[in-house]
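The values are calculated or read from the model by the stated rules, or taken from the named source; none is laboratory data. Computed from a prediction, not measured in an experiment: that's the story for all the values here. Here the Cβ is made from the backbone with ideal geometry for all residues, glycine too, and neighbour counts use every protein chain on show.
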Amino acid sequence: MKYVFVLLLFSICLTGNIIAQQNDFVSGVDYLSQSVATVDRTNSGIVNPAALGFWTSMGLQYAHSFTDSTYKGDDGLLLASKGAFFSIEWLHHSTNISRRKYTLATGDRIFRNFYAGISYGWFSGPKSIYKSRKDWKIGLLYHPKPFASLGLVVDRINQPTFAGFKQKRLYQPGIGLRPFGEKLTFSADGLFLEGKALSHGHGIFRLVAGPFRGISLTTDYRNPREWRFGITYDVQQTRLGGQARLVRDTHYAGGTYFIEAGAEEFGEGIAAAPKTGSMILKGDIVEEPRSKPLFGQSKRSLYSVIRDLRRGATDPKIGGLLVKMEDVNLDFASAQELRTALSLYRANGKKVVTFMGEAGNLEYYLASVSDEIYMDPFGLLELKGLAATAQFYKGTLDKLGIRAEILATGPHKTYGDAFVDTTLTDAAREQINWLLDDLYGQFVEGISTGRGMTTEQVKASIDAGPYTSRDALKAGLIDDLKHYDELTENDAP
């Protein structure tokens, strides 16, 4: 309900013409019209730097804007990568004074679905009035639902002086709606000049339609009686496009054309709500990557699993993680590394859900870092503590006529006992018990921290194991019983 109220408030503000505009003769290239709520890719650094926190891939754009049929005008070169942005614009046509404008910007995710950014612009040229102009801009972006996005930009927050006049702050709120999916995007923006009467304002309304894959048509209307019509054509990581301007409804006033290359495929955008990632941990997970065998499949490496988890934990497009565990086989030290990587999701405010059909000590230790644990209704949780076994080779060596000679510097140097003894010595048993006690303490502490239980409760639960999944639910060791296909994105938003 609160989202409906916010959207309604923005709509009333915009349609009520509470927005004001100021002509700015040092603004820069007239780029393809985009809303502060739906701007994507490289244009983010110019329109709303907060969007750089979402569109983190690399992009490079060249744009040229003009005001008449001679096509003479201004040029811009924009570069964005991983939340950072830089642009340089060569401006001369609008005032017949050649000058350059530079912009640095950055944006990042503040918390879930909310982004903030800041940009700094400065000029160079023959006139001192341009050299003294320094602009700061801040931007905010929030997309509470996949079909809606809200944006706000405050320009000239430092109130710079230009030609002897102090520039007033410029507020630009915006809303974007996509009621029918990616085929249609509606956005409305406005410009509110600090200190100006609300009656001086006007709104900017845009409609973007995608009738065919890779083609977008844009219509932009702004007071007083100015229209812009644009088209973009996307081919994988390349976008071509342009727009024409009409003033007083019919008078041609130039336009813009551009070309952009990016590291990801393009798409007109409301920044979509983050998706839930998924991962299946199954079978052997080896310490290091290995070459693919001649027959069968190579085993997944611990390095690749941890790498993928770390990337997902910081990727703004991923809002949570669903993990399915099946007979995971790895040593305890590797399990600790894997558990630490899983915990990065929770550290970044992302929900982690784990599903287990049947599970032992290792699977449950890994799962305990999750926000929620689900088991199959007919599953088994073999939580029963730690144990160790010892192997001896002396009997085999005796049959082969081989005698091992081992040098040890103390009674607890027991590695060679397997080759000269047939049973554990007291020193070896003491050494193994010491190691087990240490591992058991870490095992209990991890479960205690993850599940919010005391160490005494965890130890009592281990002593009472193993459990059927229904008994595990009664004991508070898991959160619910479900089949894997019942788990949806709602379980790990």
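Filtering segment 144-163 to residues that are under 12 Å from L177 (Cα atoms) and of a type in the set (S, T, Y) leaves only S149. Looking only at segment 63-90, residues that are over 17 Å from A244 (Cα atoms) and modelled with pLDDT of 85 or more come to 14 in all. Being crowded, with 17+ Cβ neighbours inside 10 Å and in a helix (DSSP H, G or I): is that true of Y374 here? Spelling it out, it is not the case that Y374 is crowded, with 17+ Cβ neighbours inside 10 Å and in a helix (DSSP H, G or I). Within segment 412-425, not a single residue is modelled with pLDDT of 80 or more, under 50 Å from the mean Cα position of the chain (by Cα) and closer than 30 Å to P466 by Cβ.
Can you run down the residue pairs with Cβ atoms below 9 Å, 6 or more apart or on separate chains, where the first is in segment 345-360 and surrounded by fewer than 24 Cβ atoms within 10 Å (Cβ to Cβ) and the partner is part of a strand (DSSP E or B) and basic (K, R)? Matching pairs, first to second residue: N348/R109; G357/K324. Filter segment 337-356 down to the residues that are within 11 Å of V369 (Cα to Cα) and of a type in the set (S, T, N, Q) and list them by number. Matches in segment 337-356: T340, S343, T354. Among the residues examined, L386 qualifies as modelled with pLDDT of 80 or more, touching a Leu at 6+ places or on another chain (Cβ under 7 Å) and part of a loop (DSSP other than H, G, I, E, B). The single condition among (1) in contact with a Phe, Trp or Tyr (Cβ under 7 Å, 6 or more places away or on another chain); (2) under 30 Å from G319 (Cβ atoms); (3) not in a helix (DSSP H, G or I) that A404 does not meet is (2). Need the failing condition index for L435 against (1) in a helix (DSSP H, G or I); (2) out of contact with any strand residue (DSSP E or B) (no Cβ under 9 Å at 6 or more places or on another chain); (3) surrounded by 15 or more Cβ atoms within 10 Å (Cβ to Cβ), just the number. Checking L435 against (1) in a helix (DSSP H, G or I); (2) out of contact with any strand residue (DSSP E or B) (no Cβ under 9 Å at 6 or more places or on another chain); (3) surrounded by 15 or more Cβ atoms within 10 Å (Cβ to Cβ), the one that fails is (3). Of the strands (runs of 3 or more DSSP E) lying entirely inside segment 33-109, those carrying at least 1 residues that are among the acidic types (D, E) are 73-81, 84-91. Taking the criterion of being over 21 Å from G45 (Cβ atoms) and over 25 Å from the mean Cα position of the chain (by Cα), the residues of segment 149-189 that qualify are Q159, T161, F162, A163, G164, F165, K166, K168, A188.
Here S461 qualifies as of a type in the set (S, T, N, Q), touching a Leu at 6+ places or on another chain (Cβ under 8 Å) and surrounded by 15 or more Cβ atoms within 10 Å (Cβ to Cβ).
Which residues, counting only those in segment 408-424, are aromatic (F, W, Y) and either in contact with a His (Cβ under 8 Å, 6 or more places away or on another chain) or in contact (Cβ under 8 Å) with a residue 24 or more places away in the chain (or both)?
F419
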